[in-house]
Amino acid sequence: MKHIVIVSFILFISNFCNAQNTNSPYSIFGPGEIQNRGFGVSTAMGGAGIALKSGSHLNSLNPASYLGIDSLHFVSEMGVEGQMSDISSNRNSDTRYTGNIKYLALGFRYNSWLAGSIGVAPFSNVGYNIAKENFIEGSNSTYTSTFIGSGGISQFYFSNAIRLTKHLSVGINSSYMFGSLIQDETINQTDIVPQMTINRQDFLKSLYFDYGIQYSFKIKKIDYSLGVTYSNQQDLTSKHYLSVLDDGNNLVQAEEFDSDYLKVPEKIGVGIGIQNGTKYTVAFDYHFQKWSDVTYPTQFEAFEDLHRFSFGAEFRPWEHRIVNKSFKNWVYRFGINYESSYLKLGGHLIDDKSISLGVGMPLPGRISNMNLSLKYGINGTNTNNLIQENYLKLHLSFSLNEIWFMRRQYD
């Protein structure tokens, strides 16, 4: 099993940047559709979990969480996701599908006070196909531009958590960001405007850092925990390519230059967790990201500050027993998420509302689990000439635990 996990991990990294997991027209703005960092369990819980510790599964929302991993366990986490989106305006609608590997991560303990994780996960996704009618300056004539976008930003991360006291731990997450943001703009020919294709590409290679802290305490039989995450504003450096082709696919213009216009603003997250043994867990998170301080040269309207609220819970109705029917040994989860995004178009703020349901099913060996969740959400609105995306996401993940560090004893 060990070598299978390692080989899969290497193959996954080599192919990860080819993944595309969105068809949202709003991914044309900024760095694309920014992804929640959570894995399978937090996905079913509305994306909440900043204050929760890792255990038999990994919690990537807070790098301080990894000290919850058992000292004898090596945890591997992998997930896949499929999505159906109904995209509609006040005139048209379209149904689109995507699906791909989502993430792969490994978690481990070095000793009693130090733990870590290594993995690869999406930071943002780009995938859109938009047609826009434009007026020719000084006349009533129009021409059509078609924008096709693809790619996204991935992050290969290495996290470490340190225990400062019995109740307090801190962590740092170091990420290598890589990937490409690609846009092809095709201008359809008219009597006045010639046909041409404008290709814009940003190839990203940059470092990114974020930090976390967790504090836990117990009152009677209930465990309480608090969590905070933070990252300062950071520039993402890239190589930018621009090329213009005529209707015969001949190169008319080409430019190449280093760019640092891709920026990720300051972000802070706070979370509360309440846990009663294996009976139930409740989590609430709030995220704030200061996008109003960031400008992009291709962005005509100012960004707004992002606010996201997440609530989630998991519960086990029946005590785990070998003689139970299978569903009585499952863990049940649900979550609610509301995000007021950084996009304000035509004077209207673009928001995202979603609800999720999920189950965790033990695999043979009892310490490994398969997690399945279904999420329904609405992104944007189809009023005021905007676009609404109704989406349904199916998320499947595996949390595999192996006892790697137990010494053999011989008689």
Checklist line | Under 5 Å, built H, 5+ apart or other chain: amide partners of LEU262 | finding: LEU236
Notebook entry, point to check: So which GluC sites (Glu not before Pro) in the stretch 313-402 pass both tests, a DSSP loop state and at most 16 other Cβ atoms within 10 Å of the Cβ?
Noted result: GLU319
Check: So which chymotrypsin sites (Phe, Trp or Tyr not before Pro) in the stretch 213-303 end up in coil per DSSP with only 10 or fewer other C-beta atoms within 10 Å?
Finding: PHE300
Notebook entry, point to check: Given the pairs LYS166/LYS221; LYS290/LYS375; LYS53/LYS166; LYS205/LYS393, which are separated by over 20 angstrom at their Cα positions?
Noted result: LYS290/LYS375; LYS205/LYS393
Next item on the list: May I ask you to evaluate 6.51 cos²θ - 1.76 cosθ + 1.60, the Karplus curve with θ = phi - 60°, for each residue of the stretch 223-231 and list the ³J(HN,Hα) values in order in whole Hz, giving x for glycine and proline?
Entry: 8, 10, 8, 10, x, 9, 10, 8, 9
Notebook entry, point to check: In square angstrom, what is the accessible area per residue of the chain with a 1.4 angstrom probe?
Noted result: 50 Å²
Check: Separation between the SER340 and PHE315 pseudo-spin-labels, each 7 Å from Cα along Cα→Cβ, expressed in nm?
Finding: 3.1 nm
Check: At a 1.4 Å probe, what is the % contribution of carbon and sulfur to the accessible area of the stretch 147-190?
Finding: 65 percent
Check: What FRET efficiency, computed as 1/(1 + (r/R0)^6) with R0 = 30 Å and r the Cβ-Cβ distance, is obtained for LYS220 and ASN111, rounded to the nearest 0.05?
Finding: 0.45
Margin query: Straight-line reach from LYS325: which lysines fall under 25 Å, measuring Cα to Cα and dropping same-chain residues less than 8 apart?
Written below: LYS279
Item checked: Dipole moment magnitude, nearest 20 debye, the chain about Cα centre, only Lys, Arg, Asp, Glu C-beta charged -> 2800 debye
Note to self: For the ranges 343-349, 47-53, 208-214, what's the packing order if you count other beta-carbon atoms within 10 Å of each residue, average per peptide, and put the highest first?
What the structure shows: 47-53, 208-214, 343-349
Margin query: Of the candidates VAL264, VAL244, VAL41, which one comes out as most mobile in a Gaussian network treatment of the chain with C-alpha springs shorter than 10 Å?
Written below: VAL244
Item checked: Full-stretch length increase - LYS166, THR146 - with 0.36 nm per residue and alpha-carbon distance subtracted -> 1.4 nm
Note to self: To check my understanding: the extent here is largest minus smallest coordinate of the Cα atoms along each principal axis. What are those three numbers for the stretch 280-322, in Å, largest first?
What the structure shows: 60, 17, 11
Next item on the list: Find how much the distance from SER243 to ASP70 grows on full extension, using 0.36 nm per residue of separation minus their present alpha carbon separation; answer in nm with one decimal.
Entry: 57.0 nm
Notebook entry, point to check: Which far-off residues, 5 or more places away or on another chain, put their amide H under 5 Å from the one on LYS53, with H placed in the peptide plane?
Noted result: none
Check: Of the residues LEU396, LEU72, LEU58, which exhibits the maximal mean-square fluctuation in a Gaussian network model of the chain defined by a 10 Å Cα contact cut-off?
Finding: LEU72
Check: When the dipole is taken about the Cα centre of the stretch 260-411, and only Lys, Arg (+1) and Asp, Glu (-1) are charged at their Cβ, what size is it in debye, to the nearest 20?
Finding: 960 debye
Check: Where in the stretch 233-252 is the amide nitrogen less than 17 Å from a point lying 7 Å along the Cα-to-Cβ axis of GLU266?
Finding: 233-235
Margin query: Which one, ILE350, SER124, HIS57, projects farthest toward the positive side of the charge dipole computed for the chain from Cβ point charges (K/R +1, D/E -1)?
Written below: HIS57
Note to self: Once you compute Rg and the Kirkwood Rh from C-alpha atoms, what is the Rg to Rh ratio for the stretch 50-199?
What the structure shows: 1.22
Check: Against the longest alpha carbon principal axis of the chain, how many degrees, from 0 to 90 and to the nearest 10, is the axis of helix 2-16 turned?
Finding: 20 degrees
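The values are calculated or read from the model by the stated rules, or taken from the named source; none is laboratory data. Here the structure is a predicted model, which means the values were calculated and not measured. Quick reminder, even Gly has a Cβ in these numbers, built from the backbone with ideal geometry, and neighbours come from all protein chains shown. Areas reflect the complete protein model, heavy atoms only, side chains present, ligands, DNA and RNA absent. Shrake-Rupley method; radii C 1.70, N 1.55, O 1.52, S 1.80 Å.
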